[in-house]
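Coordinate-derived values only; no laboratory data. Computed from a predicted model, the values in this text were never measured in an experiment. Methodologically, a virtual Cβ is constructed for each residue, glycine included, from the backbone with ideal geometry; neighbour enumeration extends over all protein chains shown.
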Amino acid sequence: GMMMVLVILALGMGGMVYVTWGRMLTPEMEMRRALLRGEFVPFIQPIVSGHDGSLVGAEVLVRWNHYRSGMIRPDLFVPLAEECGVIVPITRELMLEVARELSAHLDQLPPEFHISFNICPIQCHDFTLLEDCQTFLSTFPPDRIRLTLELTERVLLEPTEITMLLFERLDQIGVKIALDDFGTGHSSLSYLQQFRVDYLKIDRCFVAMIGSDALSRDILDGTLDLAQRLGLKTVAEGIENQEQADFLRERQVAYLQGFWFAKPMTMKEFSAYLRTAPEL
Ligand code: C2E
Ligand code: CA
Ligand code: CA
Ligand code: CA
C-alpha cells in the first residue's frame, strides 16, 4: 500500500515521509505515532524438534499494522527503526505483549519452551536490553521459558567493553544467543565464544539449495558440518517441503522452522494452534 511506497521512498531519500493530508512527518515521528497507537504487533512462528517433530519453541516476528496501509513487512521499516532508535521501544512492546499472551497459555506450552526475539546491533550498546529481558523473564516461573535473542551474522558486533559486559550479564540471567543467518557472514570461532553464542541458525538460502544441483548441496553440507563441528545446536529456517525437512532430519539438525510446519501467525492464532497441534 501507500505506506510501503512511502517507507521505500524515505529509505531512498534519507528522511522525509509525506502523509496524504499534507503534513510532513519524519519516519521517526511516523513510527513514534504508530508505537503510541499500538500498531506494531508480534507475529509468532513455531519451531519444532528435528528429532520427533514436537513443538519446542517459537520466533517472534514484528509486523506494522498501519492504520491506512495494513500490514507492513519488517524489512521495510526495521532498518529505519534501528537508525532512529525506535527499535528499542518497539522490541520492548513486543516483549511485553508476548509475555502477556504466553502467560495466559502456560499450561499448554511444553517444558522449557523457547521463545526468540530478533535484535539489532544498536541494542547491544547499553543495558536497556538486559532490563527488558529481566522484565520478560520475571513474568514466568523460573526456567519455564527459555529466552533467546537472535543476532544476525550479516553485521558483526564490535566487542566493546559495554557490549562484552552486556553479553556476560545476559548469559548470567540465562538468556541464550542465536546467531541468525549463519553462513552469510564471516564470524570466527573467537567471535562465537566472545558473544557466548548457543545456537546457529542456518540461513534460508542454504535450505533452499536442498534438491538442487550437486555443488549447492556441497555448500549446504559444508555449512552444516561447520555448525556441527563448532559444537553448537543448529536451527534450520525456511523449510518449505518434505524433502528439505527429511534431509535436515537425516543430518541431525536439532530444530526446524518454516512454512512446511507453520507460517508466522498472530498471537490469537497461536493460541488456537496450541489447542490443535497434534504433536502436543
Ligand atoms: P529472519 O530473522 O531471518 O526471519 C525469518 C524470515 O523468514 C521471516 O520473515 C519469516 O516470515 C520468513 N520465513 C519463515 N519461514 C519461511 C519459509 O518457509 N519460507 C520463506 N520463504 N520464508 C520464511 P519476516 O517476518 O518478513 O522478517 C524478515 C526479517 O525482518 C527477519 O529475518 C528479521 O531479520 C527482521 N525482523 C523481524 N522481526 C523483527 C524484530 O522484531 N526485530 C528486529 N530487529 N528485526 C526483525
Ligand atoms: Ca531471526
Ligand atoms: Ca534468518
Ligand atoms: Ca550463552
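Side notes on the structure shown:
- Kirkwood radius, the range 187-280, all distinct C-alpha pairs, inverse of mean reciprocal distance: 14.7 Å.
- Approximate spin-label separation VAL155-PHE127, in nm, with each point projected 7 Å along Cα-to-Cβ: 2.4
- Here the relative contact order of the chain, from alpha carbon pairs under 8 Å that lie six or more residues apart, stands at 18 percent.
- Charge dipole of the range 78-186 about the Cα centre (unit charges at C-beta), most positive-ward option of ILE145, LEU106, GLN123: LEU106
- Each helix, a run of at least 4 DSSP H residues, gives -39500 (n - 2.57); summed and divided by the residues of the chain, these come to -12000 deg cm²/dmol at 222 nm.
- Net length gained if the chain between ARG249 and ASN65 were fully extended (0.36 nm per residue, minus Cα distance): 62.7 nm
- Chain lengthening between GLN242 and LEU106 when straightened (0.36 nm per residue, less Cα-Cα): 45.9 nm
- Convex hull projection area averaged over all views, the chain, Cα basis, nm²: 15.4
- Ranked HIS114, HIS186, criterion: other C-beta atoms within 10 Å, fewest first: HIS186, HIS114
- When both bridge partners sit in the chain, DSSP labels roughly 40% of those beta bridges antiparallel.
- Cα-based helix-to-principal-axis angle, 214-229 vs the chain, degrees rounded to 10: 90
- Distance between the modelled labels on SER271 and THR184, one decimal in nanometres: 3.3 nm (7 Å Cα→Cβ projection).
- Taking other C-beta atoms within 10 angstrom as a stand-in for reagent exposure, MET267, MET24 fall in the order MET24, MET267, fewest first.
- For the range 144-280, size of Cβ-based charge dipole, Lys and Arg +1, Asp and Glu -1, in debye: 580
- In the chain, lysine pairs closer than 22 Å at Cα, eight or more apart or cross-chain: 4
- Whole-Hz ³J(HN,Hα) from phi, Karplus 6.51 cos²θ - 1.76 cosθ + 1.60, for the range 237-253, glycine and proline x: 10, x, 6, 10, 8, 4, 4, 5, 4, 4, 4, 6, 5, 4, 8, 6, 5
- Among MET265, MET71, sorting on how many other beta-carbon atoms sit within 10 Å of each Cβ, with the fewest leading, yields MET71, MET265.
- Crossing angle, helix 267-276 versus the chain [Cα axis fit, 0-90 degrees, rounded to tens]: 30
- Relative contact order (%) - criterion: Cα under 8 Å, at least six apart; region: the range 15-120: 26
- For the range 72-131, the Cβ-based charge dipole about the Cα centre amounts to some 80 debye (Lys, Arg positive; Asp, Glu negative; other atoms uncharged).
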